[in-house]
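The values are calculated or read from the model by the stated rules, or taken from the named source; none is laboratory data. Keep in mind that this is a model prediction, so the values were computed, not measured. Methodologically, a virtual Cβ is constructed for each residue, glycine included, from the backbone with ideal geometry; neighbour enumeration extends over all protein chains shown. When the accessible area is computed, the model is the full protein with side chains, heavy atoms only, and any ligands, DNA or RNA have been set aside. Shrake-Rupley method; radii C 1.70, N 1.55, O 1.52, S 1.80 Å.
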Amino acid sequence: MDIKFPSISNPLPLFFTLYLFLYLNAYFVIFRAWARKLRPEASSCIISLAHGTPAVFLASRAIISDPARDFHSPNTPLQNLVLEYSIAYFLMDLVHYLIFFPTDFLFIGHHLATLFVFLTCRYLVYHGAVAILVLLALAEVTSLCQNLWTLASARRWDVEFAAKVYDLLSPPFYALYTVVRGFLGPYFVYRMFVFYASGVADSVIPKWVWVSWVFVVFVAISVSVMWVSNLWIELYRERKKIIEKEVRYKL
């Protein structure tokens, strides 16, 4: 069955309003009983959940439905819609960081760089959405697991169930994240670089634009790999302490 999406002349304000509503609802209603210092991060997880997994399916649909899909093909209306859906999310989450975590320069920089890629693809060159949406799908395929893990991590010290969920999710989440960000992502970025470096897209995507795209994604992947590497090290240390305690108890 062919899925039809409603045509909206400028959906970006609508999408942003929806994310704002979800964030405020999460902050003042869903997590009203949580400690004030935990509510911003938890609310951010809610809008991330609303964006991540749907973005994977929408991006996949937008790519598959494009008969002329290529790394420099013109953006289709559905591809532009998915880009606007993601732009709205990153704008809302950027507002969240600027208000509650203004010194978190890493995430603020990440969001600004991501917005640069999406905005130039959508509103400047009008081409290359296929490549950008593949990257989006790869980035967000871990979103569901990551957000549940983050929520569990926030309460694992005072809620036993949260601690169990955190311990259960950590190894598979780290493994999936490692495969996607450590192998699939770099491989795809390499393919992008080879394609654009050939010059075949220079007539529709200026060199400075695609070079910026590749650079931004390369830096983002590098930071992600360092982040998950630290998580693996922390997990190893935690499990090692548990094993050592069990051995001492048996002795």
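List of remarks:
- Within segment 35-52, the set of residues being touching a residue at least 12 places away in the same chain (Cβ under 8 Å) and either open to solvent by 50 Å² or more (accessible area, probe 1.4 Å) or of a type in the set (A, V, I, L, M, F, W, C) (or both) comprises 38, 41, 42, 45, 46, 47, 49, 50.
- Residue, nearest to residue 120 (Cα to Cα), within segment 201-215, restricted to residues that are of a type in the set (A, V, I, L, M, F, W, C) and open to solvent by less than 70 Å² (accessible area, probe 1.4 Å): 209
- Filtered residue count, segment 186-214, keeping only those that are assigned to a helix (DSSP H, G or I) and polar (S, T, N, Q): 1
- Residue match in segment 11-29 (condition: surrounded by 11 or more Cβ atoms within 10 Å (Cβ to Cβ), at pLDDT below 95 and of a type in the set (A, V, I, L, M, F, W, C)): no
- Total residues in segment 79-103, condition farther than 21 Å from residue 213 by Cα, among the aliphatic types (A, V, I, L, M) and open to solvent by less than 30 Å² (accessible area, probe 1.4 Å): 1
- Whichever residue in segment 30-53 is in a helix (DSSP H, G or I) and among the charged types (D, E, K, R) and, among such residues, is farthest from residue 142 (Cα to Cα): 39
- With respect to the conditions (1) in a loop (DSSP other than H, G, I, E, B); (2) modelled with pLDDT of 95 or more; (3) not polar (S, T, N, Q), residue 2 falls short on a single one, namely (2).
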